[in-house]
Amino acid sequence: MPDPRPHLGEPLALDLLNTRWIEHGPRDLLTDVTGLRTWLTSAGLADRASADEATLNAVLAARTAIYDVVVHASHEGLDDVLEHGRIRRALTASGPADLVEVPQRPWLPAWLAADNLLDLLRTAPDRIRQCAHPECVLFFYDTSKNGTRRWHSMATCGNRTKAARHYARKT
């Protein structure tokens, strides 16, 4: 099944948040293991995780925790997700490596998304944004040069906002 979401390609943590969107009402990709399989494939994790109920529950816990950090600055749930794994530093034949260790396989996608959020927060927390369109719930990582991007997509939400502003001036 192709990924039906309107916005793809964000870092893993934000991509997980974007499994909920508005399109003729609220939509949620993660209502069942079929949707989970679609997300795992889209996120490049299908070969590392199973699309099953245990993984779905872990991913939903991570989505809630990431949302709470991004929107409410609450970190308790994220810490709970991160407790399911760690990064072990090692010297391998090819040089220094950071090895991800998540003992319970269903937690791997959830842990990777939570860890990705830490990377985004470490790098540029002010670049994590929710679309400015009042009827949009999507998130994005602002990679624009000047850091002033407001919409997840200029072609959809940006255009709708500008068209509404233009129409309001004409009436």
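The values are calculated or read from the model by the stated rules, or taken from the named source; none is laboratory data. Please read all numbers here as calculations on a predicted model, not as lab measurements. Note that each Cβ is placed from the backbone with ideal geometry, even for glycine, and that neighbours are counted across all protein chains shown. Surface areas here come from the heavy atoms of the whole protein model, side chains and all, with no ligands, DNA or RNA. Shrake-Rupley method; radii C 1.70, N 1.55, O 1.52, S 1.80 Å.
Taking Cα atoms only, the orientation of helix 33-42 departs from the longest principal axis of the chain by about 90 degrees.
Residue order by solvent-accessible surface for GLU10, GLU23, GLU53 is GLU53, GLU23, GLU10, largest first, with ligands and nucleic acids left out and a 1.4 Å probe.
Expressed as an acute angle from 0 to 90° and rounded to the nearest 10, what is the orientation of the C-alpha long axis of helix 108-123 relative to the principal long axis of the chain? The angle comes out at about 60 degrees. Expressed in units of 2.2 N^0.38 Å, where N is the residue count, the Cα radius of gyration of the chain is 1.14.
Taking Cα centre as origin and charging only the Cβ of basic (Lys, Arg, +1) and acidic (Asp, Glu, -1) residues, the dipole magnitude of the range 80-121 rounds to 180 debye. Which of SER74, SER94, SER42 moves most in a GNM of the chain, Cα contacts under 10 Å? Ranking SER74, SER94, SER42 by mean-square fluctuation puts SER94 first. Computed from Cα atoms, the angle from the helix 159-170 axis to the main principal axis of the chain rounds to 20 degrees.
Once you order the gyration tensor axes a ≥ b ≥ c over the Cα atoms, which shape class does the range 50-144 get: rounded for a/c under 1.5, otherwise prolate or oblate by comparing a/b with b/c? Taking the square roots of the gyration eigenvalues as a ≥ b ≥ c, the range 50-144 is oblate.
Cysteine residues of the chain whose Cβ has no partner cysteine Cβ closer than 4.7 Å: CYS157.
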